[in-house]
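Input: a single structure, listed below in C-alpha cells.
The values are calculated or read from the model by the stated rules, or taken from the named source; none is laboratory data. Since we're looking at a predicted model, the values are computed, not measured. Backbone-built Cβ (ideal geometry, glycine too); neighbour counts: all protein chains shown. In case anyone asks, the SASA skips ligands and DNA or RNA and just uses the protein heavy atoms, side chains included. Shrake-Rupley method; radii C 1.70, N 1.55, O 1.52, S 1.80 Å.
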Amino acid sequence: MKIEAITARELSMKLVTPFETSFGVTENRRILLLELHTDVGTGWGEVSAGEGPFYNSETTDTAWVILEKFLAPMVLGKKIADGEAALRQMAPVRGHEMTKAALENAVWDVDAKSRGVSLSNLLGGTLQEISSGVSLGIQAQTEQLLERIAKELAAGYQRIKLKIKPGKDVEVLKAVRSKYPEIALTVDANSAYRLADAELLKQLDEFNLTYIEQPLDWNDIYQHSLLQKQLKTPICLDECIHGLKDAETAVALGACKVINIKLGRVSGHAEARRIQAFAMQNGIPVWCGGMLESGIGRAHNIAMSTLPGFVLPGDVSASRRYWDEDIIVPDVQVSNRGTITVSDKPGIGYEVNMKKVDELTVRKEYWKSS
Ligand code: OSB
Ligand code: MG
C-alpha cells in the first residue's frame with residue numbers, strides 16, 4: 001500500500017468514573033487518533049499513552065510531536081507492504097512505542113480491510129470470543145470497592161484486578177477475600193513498591209492471587225527476579241516489557257511467570273505477536289492489558305487477544321464502563337459470561353462514528369506526502 005496522508009486528531013473524552021492508580025488519578029482522557037489514508041483504503045490507530053509521563057515516558061503531547069516531526073515523514077509517500085514492514089520503517093526512532101503502535105495498527109487495519117478479512121484473522125487469531133476481566137482503580141473506602149466488585153461480578157466479568165499501593169494493600173485484600181473467597185483475583189501495583197518491601201509483599205501470598213502485577217520499578221527486570229524467588233504468587237510484568245527482548249530477559253532471569261501484553265507498550269501487533277509466541281513456547285500465560293482506550297484502541301486489543309497465547313482474561317472490558325458514548329458502532333459489549341464476541345467484519349470490525357469523533361475533537365491536523 002502507498003501511504004498518502006494521515007489525519008491526526010486529539011479527542012477529549014471524559015471517563016464515566018475517575019480511575020486511580022498508584023501514580024495518579026485520570027478523569028479526562030486526551031486521546032490521539034490516527035486515520036491513515038492509503039491507495040487501498042483507510043485505517044485507524046490510537047496512541048495509548050497517558051496524559052502525563054507516569055505510566056511510561058510517553059504522553060499525548062510527546063506522541064503528537066514525534067508523529068509530526070519524525071514518524072509521519074518516515075512513512076508518507078512510501079510503499080509499505082504490511083504492519084511488519086511499517087514497524088521496520090520506523091525502526092530508526094528509539095522508544096516511543098505507543099506512538100509507533102498507532103501508525104502500525106492503522107496499517108494492519110488497512111491491510112485487513114483491503115483483503116476483506118478481519119484483523120483477528122490476518123493476525124492469525126484463533127478465538128471467536130475472548131475472556132474479559134476488569135481493572136478497578138483505588139477506592140477511598142473499602143466499602144465502595146466491595147460494591148464495585150459486586151457489580152462487576154453480577155455483570156459476568158471473569159476476574160477482578162485491584163489497583164494497590166502502600167497503605168491500600170493487605171487490609172483491602174483481607175476485606176475482599178473474606179467476602180469473595182473463591183473469585184479469580186489479581187492486584188496491580190504499577191511500580192509502587194521497592195525490593196525492601198519484600199516482607200510486606202510476601203503477606204500477599206495468603207490471598208490466592210493469580211498474579212501480582214508490576215510491583216517494582218517500571219524499568220527493573222533484575223529486581224523482579226530477586227523478588228519472584230521470595231514470593232509464591234506469580235509476578236506478572238507490565239511496565240517492564242517493551243518488546244520481545246525484554247520478555248526473553250524476564251523469562252531467562254525468572255523475573256515473572258505471567259506477562260501482560262499491551263499493544264501500545266510493545267509497538268503494535270507485529271511485536272505483540274512475537275511476544276505471545278515466545279511466551280507460549282515457554283509456558284508463560286499472557287493476557288491483554290488496557291490503557292483506558294477509546295473504541296478504536298479497544299477494537300485493536302480485541303483482535304490481538306484472539307491469538308492462541310492469550311489464555312488469561314484481559315483488562316479489555318465493555319465500552320460503557322469507560323464512556324457514556326463510545327466512538328465506534330456498535331460499542332464493545334460483554335456477555336453475562338464475561339466474554340466479548342470477536343467481530344468477523346473486515347479490519348478492526350467496527351464502524352467509526354464520525355459525528356461523535358468530530359464532536360470530541362479538540363485538535364486536528366492533516367499530514368500529506370510532499
Ligand atoms: O497498569 O494496567 C495498567 C490504566 C492506565 C494505566 C495503566 C494501567 C491501567 C489499567 C486499566 O489497569 C486497564 C483498562 O481498564 O483499560
Ligand atoms: Mg498494569
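Between Val25 and Glu51, the simple label model (points 7 Å from Cα in the Cβ direction) yields a spacing of 1.1 nm.
Give, as ranges by residue number, the residues of region 313-357 whose backbone N falls under 11 Å from the point 7 Å along Cα→Cβ of Thr17. Under 11 Å, as judged by backbone N against the label point of Thr17, lie 321-322 of region 313-357.
Note on exposure: Met280, Met98 ranked by accessible area (1.4 Å probe, complete protein assembly) read Met280, Met98, with the most exposed listed first. Beta bridges assigned by DSSP with both partners in the chain are antiparallel in approximately 65 percent of cases. Ordering Val334, Pro215, Ser267 by the projection of their Cα atoms onto the charge dipole of the chain, which places +1 on the Cβ of Lys and Arg and -1 on the Cβ of Asp and Glu, puts Ser267 at the extreme positive end. Across region 141-232, C-alpha contacts under 8 Å between residues 6 or more apart give a mean separation that, scaled by the residue count, equals a relative contact order of 27 percent.
Taking all protein chains together and a 1.4 Å probe, the residues Asp111, Asp324 rank Asp324, Asp111 from largest to smallest accessible area. List the relative contact order of region 23-86 as a percent without decimals, with contacts defined as Cα pairs under 8 Å and 6+ residues apart. In percent, rounded to a whole number, it is 22. Here the chain exposes an accessible surface that is 50 percent carbon and sulfur, computed with a 1.4 Å probe and the other protein chains kept in place. For the chain, the Cβ-based charge dipole about the Cα centre amounts to some 360 debye (Lys, Arg positive; Asp, Glu negative; other atoms uncharged). For the residue pairs Lys2/Lys69; Lys100/Lys229; Lys262/Lys356, the C-alpha atoms sit more than 29 angstrom apart in Lys100/Lys229. Counting only heavy atoms of the protein chains and using a 1.4 Å probe, Ser178 has close to 90 Å² of accessible surface. The slack between Val311 and Val362, meaning 0.36 nm per residue of separation minus the straight C-alpha distance, is 14.5 nm. Ordering 208-215, 52-59, 38-45 by mean Cβ neighbour count within 10 Å, with the highest value first, yields 208-215, 38-45, 52-59.
Accessible surface of Lys161, taken over heavy atoms with a 1.4 Å probe and every protein chain present, rounds to 0 Å². Excluding ligands, DNA and RNA, the accessible surface per residue across the chain is 40 Å² with a 1.4 Å probe. When only alpha carbons are used to place a centre, region 297-327 and region 75-134 end up 16 Å from one another.
Each Cα pair under 8 Å and six or more residues apart adds its sequence gap; the mean of these over the residue count of region 121-341 is a relative contact order of 24 percent. Largest first, the residues Arg320, Arg298 sort by 1.4 Å accessible area into Arg320, Arg298.
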